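What follows is a short report on a single structure.
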Amino acid sequence: MQNATPGSFFIDILRKGNPDAVAWIKGNQDNPRLSGVVRFFTTPYEGVLIEAEMFGLPNIGEPKSSNFYGMHIHEYGNCTQPFDQAGEHYSREPAMHPQHTGDMIPILGNQGYAWTSFYDKRFKIPEIIGRSVIIHAMPDDFMTQPSGTSGVRIGCGVIR
């Protein structure tokens, strides 16, 4: 391909590839309709392609609404409610927020549904296996320590 870019490879990976790791998200007691999946794909660029799809986010009942929600990889793969056993944001080395290895982009829910995909070079798939993906009720502000005031943990899934 003469005009190939990383994005064109990423589209093929999402369309034809099998994920190397997956986290199935389930909602907390206050958000039982929340469910989703976060898929992690190895790329030829030494990074990871992440695809997330969520259903039943809290703004599902608000016509034409949208809202941002925080999404992070947390230290432990324990999704016992209220998801506080998942620990803090995963970070390979001590760092200030938003430089944790597990800090990810927010997701944008549109009337309860969200889909996003992005590329990240801060971790490799083997080091996140057994950790968890947490969905937070509020967007990450990328400034406040230690975790960006992203609010209550409304969803959790263990990365397998």
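Miscellaneous remarks
- All positions within region 60-70 that are buried (at least 19 other Cβ atoms within 10 Å of the Cβ) and within 29 Å of residue 12 (Cβ to Cβ): 69
- Test: residue in region 9-22 that is under 14 Å from residue 133 (Cα atoms), open to solvent by less than 80 Å² (accessible area, probe 1.4 Å) and at pLDDT 95 or above: yes
- Taking region 1-93 as the region of interest, the strands (runs of 3 or more DSSP E) fully inside it that hold 3 or more residues being touching a Ser or Thr at 6+ places or on another chain (Cβ under 8 Å) and not basic (Lys, Arg) are 21-27, 48-55, 71-74.
- Restricting attention to region 101-143 and to residues that are out of contact with any Ser or Thr (no Cβ under 9 Å at 6 or more places or on another chain) and of a type in the set (Ser, Thr, Tyr), the residue that is farthest from residue 74 (Cα to Cα) turns out to be 113.
- Only one of the listed residues (108, 57) is among the hydrophobic types (A, V, I, L, M, F, W, C), open to solvent by 30 Å² or more (accessible area, probe 1.4 Å) and either at pLDDT 95 or above or in contact with an Asp or Glu (Cβ under 6 Å, 6 or more places away or on another chain) (or both). That residue is 108.
- Odd one out for residue 73, checked against (1) touching a helix residue (DSSP H, G or I) at 6+ places or on another chain (Cβ under 6 Å); (2) modelled with pLDDT of 95 or more; (3) open to solvent by 50 Å² or more (accessible area, probe 1.4 Å): (3)
- Among the residues of region 122-160, those that are among the basic types (Lys, Arg) and either surrounded by 20 or more Cβ atoms within 10 Å (Cβ to Cβ) or modelled with pLDDT under 95 (or both) comprise 122, 131, 153.
The values are calculated or read from the model by the stated rules, or taken from the named source; none is laboratory data. Worth saying up front: this structure is predicted, and the values here are computed from it rather than measured. In this analysis, Cβ positions are derived from the backbone assuming ideal geometry, glycine residues included, and neighbour counts consider all displayed protein chains. Just so you know, the surface numbers come from the protein's heavy atoms only, side chains and all, with ligands and any DNA or RNA stripped out. Shrake-Rupley method; radii C 1.70, N 1.55, O 1.52, S 1.80 Å.
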